[in-house]
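The values are calculated or read from the model by the stated rules, or taken from the named source; none is laboratory data. On a predicted model such as this, the values are computed, not experimentally measured, just so you know. Using ideal geometry, Cβ is built from the backbone for each residue, glycine included, and neighbour counts are taken over all protein chains shown. Accessible surface areas use protein heavy atoms only, side chains included; no ligands, DNA or RNA. Shrake-Rupley method; radii C 1.70, N 1.55, O 1.52, S 1.80 Å.
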Amino acid sequence: MEIIQGGPEHVDTAALIWARAVAERDGYDEVPSLEAARPGVESALANEPSLLLLAQEGGEAVGFLAGGPQETNIAYINYVGVHPDAWGKGVGEALLRALPDVLIKNGYEKAELLVYVDNVRGVRLYERLGWIKVGAPAQHPRNGRVEQRYSFSPASWDAGA
């Protein structure tokens, strides 16, 4: 698996992966359209320095990570998405293991993200890789699902974790 730095030309690829992943994860009857998925990814990358990593297998994108500045030295990771056909193959872990170097290169001292507490696979992965819970879980303002904030510092990163 290869992790590459993405650019504007990869937004549609990332949005389509997200649409497929969220449809499978949340049991949607149909996959959201590119037109519905694209604005969220574009928004995540709207401010510099933005972060877009793509995981490729055999030259084909199978996952992505996207985010940007939340505060001066803090990146907010809006998306960690893996195509359902690649679930369980280490794609999310590979993306998150590539993140510390990218954070440092872009001047970030830490990263934060929110994850639904019922996303057991995601929660386990973040915690295993050293992400720390911040505060109490809270309901998402639009859908009411419970989310937990996590924080990560590349300075505390143990690549062997």
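Restricting the range 99-146 to residues that are open to solvent by less than 30 Å² (accessible area, probe 1.4 Å) and assigned to a strand (DSSP E or B), the residue that is farthest from R25 (Cα to Cα) is A111. For the residues G92, G81, G59, the requirement of being open to solvent by less than 60 Å² (accessible area, probe 1.4 Å), small (G, A, S) and free of Cβ contacts under 8 Å to residues at least 60 places away in the same chain singles out G92. Can you tell me which residue within the range 148-161, out of those that are of a type outside the set (S, T, Y) and at pLDDT 95 or above, is surrounded by the most Cβ atoms within 10 Å (Cβ to Cβ)? In this case the residue turns out to be Q148. Among residues that are closer than 25 Å to P154 by Cβ, open to solvent by 30 Å² or more (accessible area, probe 1.4 Å), part of a strand (DSSP E or B) and modelled with pLDDT under 95, Q70 is included.
Here A36 meets each of (1) more than 16 Å from L65 (Cβ to Cβ); (2) small (G, A, S); (3) surrounded by 13 or more Cβ atoms within 10 Å (Cβ to Cβ) with one exception, condition (3). State which residue is farthest from A86 (Cα to Cα) when the search covers only the range 1-31 and only residues that are part of a loop (DSSP other than H, G, I, E, B) and either basic (K, R) or open to solvent by less than 40 Å² (accessible area, probe 1.4 Å) (or both). Looking at residues that are part of a loop (DSSP other than H, G, I, E, B) and either basic (K, R) or open to solvent by less than 40 Å² (accessible area, probe 1.4 Å) (or both), I get G7.
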